[in-house]
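The values are calculated or read from the model by the stated rules, or taken from the named source; none is laboratory data. For clarity, every value in this text was computed on a predicted model and none was experimentally measured. Cβ placement follows ideal geometry from the backbone for every residue including glycine, while neighbour counts extend to all protein chains displayed. What goes into the accessible areas is simple: the full protein's heavy atoms, side chains included, and nothing from ligands, DNA or RNA. Shrake-Rupley method; radii C 1.70, N 1.55, O 1.52, S 1.80 Å.
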Amino acid sequence: MKIVHVASEMFPYMKTGGLADAVSALCSALAENGHELSVFLPGYRAALEHPDASGAERKMRLKVEMANDFLSGDVRVFSPRKNLKVYLICREEFFDRRQPYGNGERDYEDNSDRFIFFCKAVVEMLRLGELQADVVHCHDWQAALLPVWLREAERRHGVTLALKTIFTIHNIAYQGVFPSKTFARTNLPDELNQMDGLEYYSQINLMKGGIMFADRVTTVSPRYAKEIQTPEFGCGLEGVVQTRADDIVGLLNGVDNAVWNPAVDSLIPARYSAVNLAGKAVCRAELLKRTGLSSDAKSPIFGVVARLTEQKGIDFVLENRDFFLTQDVRLVVLGSGSRRMEEELRELAAAAPQKISVSTKLDEAMSHLIEAGSDFFIMPSVFEPCGLNQMYSQVYGTLPVVSRVGGLADTVVDVDDDPAHGTGLMCEPSALSLRHALQRALVLFADRPRYAATQQRGMAKDFSWKVAAAGYERLYQDSL
Ligand code: ADP
């Protein structure tokens with residue numbers, strides 16, 4: 001098949017979270033299966049500076065209509081591997097920035113123009129480059145309106161640009177909501193600016209358009225596909241999602257086992273596997289050394305790697321500060337985001353520098369070392385579309401302590417509930433429930449044979465993208 005992906009992130013060219021890993025690994029897996037993949041990304045500074053892009057050829061200059069203006073941009077193309085082409089949509093004014101969505105404090109003022117431009121440029125490239133896609137697969141709000149613009153361009157020019165469109169919701173909490181006046185920049189017919197179109201409480205909502213107008217809608221775990229049809233998790237779009245209840249499927253993300261695999265991981269000091277865990281002990285010692293924590297390795301190490309937002313349940317960890325201060329445990333946190341959470345975490349570490357380490361950097365190598373060197377990984381998310389770290393944890397023989405929501409509930413089994421199949425510990429998304437799970441973790445850690453058996457079950461699970469990509473292949477074929 002000829003498959004086009006459109007996203008605002010793809011590892012290693014731009015990454016703020018799981019979207020980047022998912023797009024990258026899915027495209028690689030599909031390319032490996034012999035499909036012809038084209039991925040469109042904004043030409044961010046980091047993407048253009050990446051070594052892969054150094055030989056990028058300028059494919060085309062194009063003009064994009066935005067209200068009554070025409071904005072020009074150009075498209076650069078490179079091919080990082082067989083069957084895979086990456087197209088960067090470039091316009092310095094919009095994308096020559098370090099951060100993709102905002103400056104850390106707030107979102108950029110021109111985000112609507114930036115991503116409207118991005119999608120319209122993709123449509124132009126599909127048209128002028130005659131890519132003749134079987135499937136155009138769009139990710140999250142930044143690419144949500146592409147299905148609408150595609151059909152609009154097909155109508156205007158009397159051509160076929162894509163046989164089917166797929167829209168994937170990676171996180172329904174980010175919807176791309178903009179003031180109503182933004183609608184003019186879309187150049188879409190006025191009837192789309194109504195309640196059964198993009199209109200949303202007197203504003204416009206790009207994700208709503210994606211859900212309504214793509215041929216198929218997917219999200220990143222079966223449980224989240226159900227959850228987002230409820231007010232508790234739908235973030236106001238539950239009614240819109242319900243209208244697609246028959247078309248929406250939840251396909252779990254996988255783990256890229258070229259990157260997240262303790263047997264080949266070059267970012268950790270020693271490699272290991274389920275049959276020989278000696279390397280994990282080396283990673284554990286290195287983690288303690290690097291974070292300056294006391295090297296007495298008997299008591300358990302709890303790891304956290306997360307964007308610091310309400311979503312990730314970091315407040316439940318903070319509300320359990322006395323657990324980490326008074327119990328014989330160690331805590332290693334890597335995460336950046338909310339200034340308040342960063343500060344509170346730093347204060348916590350300062351109160352017990354021998355026991356608690358906090359880094360607020362973005363640090364790919366450290367994220368691998370924490371997965372490899374910890375005994376437990378804490379992820380008590382309030383909601384979690386799929387989540388990757390709880391899968392990485394199992395692959396690295398680190399027991400996940402997670403809340404029973406979304407993809408976490410689909411990928412972890414509580415060992416106290418189900419001793420024969422358990423791979424971790426589960427709680428409700430609350431400080432109190434997390435406290436009980438942490439307490440259970442201490443009991444489990446003290447029972448070495450039971451801890452080791454739980455670890456082995458996690459490491460034996462198949463989270464590979466082969467499984468995940470097969471689900472998408474079936475979906476594409478089925479939709480065609
Ligand atoms: P989300 O996409 O909601 O952020 P996921 O669990 O799906 O959550 O993916 C998070 C990804 O981002 C993981 O690969 C994780 O290791 C990575 N990550 C998060 N924070 C950091 C950080 N400070 N440094 C390095 N990697 C990070």
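A compact table of results
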{"quantity": "In region 414-468, the residues that are hydrophobic (A, V, I, L, M, F, W, C), closer than 26 Å to Asn276 by Cα and either touching a residue at least 60 places away in the same chain (Cβ under 8 Å) or loosely packed, with under 14 Cβ neighbours inside 10 Å (or both)", "calculated": "Ala420, Ala441, Leu442, Val443, Phe445, Ala446, Ala452, Met459, Ala460, Phe463, Trp465, Val467"}
{"quantity": "Single residue of region 315-340 satisfying the filter (within 21 Å of the chain's Cα centre (by Cα) and hydroxyl-bearing (Ser, Thr, Tyr)) that is nearest to the ligand (Cβ to nearest atom)", "calculated": "Ser336"}
{"quantity": "Region 252-284, residues that are in contact with a strand residue (DSSP E or B) (Cβ under 9 Å, 6 or more places away or on another chain) and within 14 Å of the ligand (Cβ to nearest atom)", "calculated": "Gly254, Val255, Asp256, Asn257, Asn261"}
{"quantity": "Residues that are of a type outside the set (Val, Ile, Thr) and under 19 Å from the mean Cα position of the chain (by Cα), drawn from region 207-236", "calculated": "Met207, Gly210, Ser221, Pro222, Arg223, Tyr224, Ala225, Lys226, Glu227, Phe233, Gly234, Cys235"}
{"quantity": "So Gln132, is it assigned by TED's automatic domain parsing to the domain that holds Phe213 and crowded, with 24+ Cβ neighbours inside 10 Å", "calculated": "no"}
{"quantity": "Residue list for region 288-314, filter: away from the ligand (no atom under 14 Å from the Cβ), in contact with a Lys or Arg (Cβ under 8 Å, 6 or more places away or on another chain) and within 17 Å of Arg346 (Cα to Cα)", "calculated": "Leu293, Phe302"}
{"quantity": "Cross-chain or 6+ apart pairs with Cβ under 7 Å, region 385-406 first and assigned by TED's automatic domain parsing to the domain that holds Arg450 and open to solvent by 10 Å² or more (accessible area, probe 1.4 Å), then away from the ligand (no atom under 11 Å from the Cβ) and charged (D, E, K, R)", "calculated": "Arg404/Glu428"}
{"quantity": "Test result for Arg340, open to solvent by 30 Å² or more (accessible area, probe 1.4 Å), assigned by TED's automatic domain parsing to the domain that holds Ala431 and assigned to a strand (DSSP E or B)", "calculated": "no"}
{"quantity": "Residues within region 226-251 that are open to solvent by 10 Å² or more (accessible area, probe 1.4 Å) and either in a loop (DSSP other than H, G, I, E, B) or within 16 Å of the ligand (Cβ to nearest atom) (or both), tallied", "calculated": "14"}
{"quantity": "Filtered residues of region 440-466 (kept if of a type in the set (Gly, Ala, Ser) and either part of a loop (DSSP other than H, G, I, E, B) or modelled with pLDDT under 95 (or both))", "calculated": "Ser464"}
{"quantity": "Per-region count, region 271-298, residues under 13 Å from Glu371 (Cα atoms) and either hydroxyl-bearing (Ser, Thr, Tyr) or assigned to a loop (DSSP other than H, G, I, E, B) (or both)", "calculated": "2"}
{"quantity": "Within region 12-42, tally of residues that are more than 19 Å from Gly337 (Cβ to Cβ) and within 16 Å of the ligand (Cβ to nearest atom)", "calculated": "8"}
{"quantity": "Among residues of region 80-98, those that are exposed (fewer than 14 other Cβ atoms within 10 Å of the Cβ) and either of a type in the set (S, T, N, Q) or closer than 27 Å to Tyr174 by Cβ (or both), counted", "calculated": "4"}
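Residue-wise test of (1) aliphatic (A, V, I, L, M); (2) within 20 Å of Val148 (Cβ to Cβ); (3) buried (at least 22 other Cβ atoms within 10 Å of the Cβ).
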site: Asn193; (1), (2), (3): no, yes, no
site: Leu198; (1), (2), (3): yes, yes, yes
site: Asn205; (1), (2), (3): no, yes, yes
site: Ala214; (1), (2), (3): yes, yes, yes
site: Val220; (1), (2), (3): yes, no, yes
site: Ser273; (1), (2), (3): no, no, no
